[in-house]
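Right, one structure below, let's go through it.
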Amino acid sequence: QVPVVESGGGLVQPGGSLILSCTASGRTVSSYAWGWFRQAPGKEREFAAAVRWSSTVYADSVKGRFTLSRDNAWNTVHLQMNSLKPEDTAVYYCAISSSLGRVDRVDEYAYWGQGTQVTVSS
(Lines give C-alpha, C1' and ligand atoms only; values in the text may rest on other atoms or scores of the structure.)
Protein backbone atom coordinates (compact mmCIF):
# COMPACT_ATOMS: atom_id res chain seq x y z
CA GLN A 1 0.00 0.00 0.00
CA VAL A 2 1.16 3.50 -0.84
CA PRO A 3 -0.46 6.28 1.16
CA VAL A 4 -1.26 9.25 -1.08
CA VAL A 5 -2.30 12.65 0.30
CA GLU A 6 -3.44 15.70 -1.66
CA SER A 7 -3.64 19.26 -0.41
CA GLY A 8 -4.22 22.76 -1.72
CA GLY A 9 -7.75 22.83 -3.06
CA GLY A 10 -10.15 25.69 -2.48
CA LEU A 11 -12.31 28.41 -3.98
CA VAL A 12 -10.85 30.72 -6.61
CA GLN A 13 -12.26 33.26 -9.04
CA PRO A 14 -12.13 32.67 -12.80
CA GLY A 15 -8.70 33.57 -14.10
CA GLY A 16 -7.11 32.83 -10.75
CA SER A 17 -4.50 30.27 -9.73
CA LEU A 18 -4.14 27.41 -7.28
CA ILE A 19 -1.39 24.94 -6.45
CA LEU A 20 -2.24 21.36 -5.55
CA SER A 21 0.32 19.15 -3.87
CA CYS A 22 0.52 15.38 -3.56
CA THR A 23 2.75 13.45 -1.22
CA ALA A 24 3.37 9.73 -1.10
CA SER A 25 5.61 7.63 1.05
CA GLY A 26 7.09 4.20 1.08
CA ARG A 27 8.52 1.85 -1.46
CA THR A 28 10.13 3.31 -4.57
CA VAL A 29 7.56 5.97 -5.41
CA SER A 30 10.17 8.03 -7.19
CA SER A 31 10.17 5.49 -10.02
CA TYR A 32 6.38 5.40 -10.38
CA ALA A 33 4.06 7.45 -12.56
CA TRP A 34 2.16 10.18 -10.73
CA GLY A 35 -1.13 11.37 -12.16
CA TRP A 36 -3.75 14.02 -11.49
CA PHE A 37 -7.32 13.25 -12.38
CA ARG A 38 -10.49 15.20 -11.77
CA GLN A 39 -14.15 14.43 -11.42
CA ALA A 40 -16.96 16.93 -11.74
CA PRO A 41 -20.45 16.18 -10.40
CA GLY A 42 -22.28 13.77 -12.66
CA LYS A 43 -19.24 13.15 -14.84
CA GLU A 44 -16.64 10.44 -15.12
CA ARG A 45 -13.20 10.83 -13.67
CA GLU A 46 -10.90 12.31 -16.31
CA PHE A 47 -7.19 12.68 -16.81
CA ALA A 48 -5.55 16.07 -16.24
CA ALA A 49 -1.78 15.59 -16.04
CA ALA A 50 0.88 13.00 -15.23
CA VAL A 51 4.60 12.60 -14.85
CA ARG A 52 6.80 9.54 -15.18
CA TRP A 53 10.48 10.13 -14.55
CA SER A 54 11.07 13.51 -16.26
CA SER A 55 8.33 13.20 -18.87
CA THR A 56 5.05 15.05 -18.33
CA VAL A 57 1.76 14.64 -20.18
CA TYR A 58 -1.24 16.97 -20.12
CA ALA A 59 -4.83 16.70 -21.23
CA ASP A 60 -5.69 19.09 -24.04
CA SER A 61 -8.18 20.84 -21.75
CA VAL A 62 -5.43 21.95 -19.35
CA LYS A 63 -2.40 22.21 -21.63
CA GLY A 64 -0.76 25.60 -21.38
CA ARG A 65 -2.55 26.42 -18.13
CA PHE A 66 -1.48 23.64 -15.76
CA THR A 67 2.11 22.71 -14.92
CA LEU A 68 3.20 19.57 -13.11
CA SER A 69 6.46 19.49 -11.18
CA ARG A 70 8.10 17.29 -8.61
CA ASP A 71 10.48 18.05 -5.79
CA ASN A 72 14.08 16.91 -5.61
CA ALA A 73 13.24 14.06 -3.25
CA TRP A 74 10.73 12.77 -5.83
CA ASN A 75 8.11 12.05 -3.17
CA THR A 76 5.97 15.14 -3.78
CA VAL A 77 4.44 16.55 -6.93
CA HIS A 78 2.78 19.90 -7.44
CA LEU A 79 0.12 20.91 -9.93
CA GLN A 80 0.24 24.62 -10.66
CA MET A 81 -3.11 25.64 -12.11
CA ASN A 82 -3.35 29.05 -13.80
CA SER A 83 -6.07 30.83 -15.76
CA LEU A 84 -8.67 28.70 -14.04
CA LYS A 85 -12.12 28.42 -15.60
CA PRO A 86 -15.47 27.45 -14.08
CA GLU A 87 -15.28 24.19 -16.03
CA ASP A 88 -12.16 23.28 -14.04
CA THR A 89 -14.39 22.88 -10.98
CA ALA A 90 -14.05 19.29 -9.75
CA VAL A 91 -12.60 17.05 -7.10
CA TYR A 92 -8.96 16.57 -8.00
CA TYR A 93 -7.32 13.24 -7.24
CA CYS A 94 -3.67 12.34 -7.13
CA ALA A 95 -2.79 8.78 -8.07
CA ILE A 96 0.30 6.64 -8.37
CA SER A 97 0.99 3.84 -10.78
CA SER A 98 3.71 1.20 -10.70
CA SER A 99 2.78 -0.11 -14.13
CA LEU A 100 4.33 0.92 -17.44
CA GLY A 101 1.02 1.44 -19.18
CA ARG A 102 -0.55 4.67 -20.38
CA VAL A 103 -0.39 7.38 -17.77
CA ASP A 104 -3.69 8.92 -18.89
CA ARG A 105 -5.79 5.88 -17.99
CA VAL A 106 -7.64 5.69 -14.66
CA ASP A 107 -7.30 1.91 -14.52
CA GLU A 108 -3.50 2.08 -14.66
CA TYR A 109 -3.37 3.59 -11.17
CA ALA A 110 -3.54 1.44 -8.05
CA TYR A 111 -3.03 4.06 -5.36
CA TRP A 112 -5.32 7.05 -4.94
CA GLY A 113 -5.64 9.97 -2.59
CA GLN A 114 -8.89 11.07 -1.00
CA GLY A 115 -9.31 14.02 -3.37
CA THR A 116 -9.38 17.76 -2.88
CA GLN A 117 -12.14 20.10 -4.04
CA VAL A 118 -11.36 22.88 -6.50
CA THR A 119 -14.14 25.38 -7.14
CA VAL A 120 -13.79 28.14 -9.72
CA SER A 121 -16.55 30.67 -9.29
CA SER A 122 -17.12 34.38 -9.02
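Out of the residues in the stretch 76-103 that are of a type in the set (Gly, Ala, Ser) and touching a residue at least 60 places away in the same chain (Cβ under 8 Å), state the one that is nearest to Gly10 (Cα to Cα). Among residues in the stretch 76-103 that are of a type in the set (Gly, Ala, Ser) and touching a residue at least 60 places away in the same chain (Cβ under 8 Å), the one nearest to Gly10 (Cα to Cα) is Ser83. Restricting the stretch 1-28 to residues that are under 17 Å from Glu108 (Cβ atoms) and surrounded by 20 or more Cβ atoms within 10 Å (Cβ to Cβ) leaves a set whose member that is modelled with the highest pLDDT is Cys22. Selection of the stretch 29-55 for residues being of a type in the set (Phe, Trp, Tyr) and either in contact with a helix residue (DSSP H, G or I) (Cβ under 6 Å, 6 or more places away or on another chain) or open to solvent by 10 Å² or more (accessible area, probe 1.4 Å) (or both) yields Tyr32, Phe47, Trp53. Taken together, the residues in the stretch 63-85 that are open to solvent by less than 70 Å² (accessible area, probe 1.4 Å), assigned to a loop (DSSP other than H, G, I, E, B) and within 20 Å of Ser122 (Cα to Cα) amount to 4. Total residues in the stretch 43-62 satisfying the condition of being in a loop (DSSP other than H, G, I, E, B), over 20 Å from Gly8 (Cα atoms) and among the charged types (D, E, K, R): the figure is 3. For Val106, the criteria (1) open to solvent by less than 40 Å² (accessible area, probe 1.4 Å); (2) of a type in the set (A, V, I, L, M, F, W, C); (3) in contact (Cβ under 8 Å) with a residue 60 or more places away in the chain hold in every case but one, which is (1).
Residues of the stretch 92-122 that are among the polar types (S, T, N, Q) and part of a loop (DSSP other than H, G, I, E, B): Ser98, Ser99, Gln114, Ser121, Ser122.
Looking only at the stretch 58-80, residues that are hydrophobic (A, V, I, L, M, F, W, C) and farther than 24 Å from Ser25 by Cβ come to 3 in all. Filter the stretch 86-103 down to residues that are polar (S, T, N, Q) and in contact with a helix residue (DSSP H, G or I) (Cβ under 9 Å, 6 or more places away or on another chain) and give me whichever is most open to solvent (accessible area, probe 1.4 Å). Step by step, filter the stretch 86-103, then rank; the result is Ser98.
The values are calculated or read from the model by the stated rules, or taken from the named source; none is laboratory data. For clarity, every value in this text was computed on a predicted model and none was experimentally measured. All Cβ positions, even for glycine, are placed from backbone atoms using ideal geometry, and neighbour counts span all protein chains on display. We work out accessible area using only protein heavy atoms, side chains counted, and drop any ligands, DNA or RNA first. Shrake-Rupley method; radii C 1.70, N 1.55, O 1.52, S 1.80 Å.
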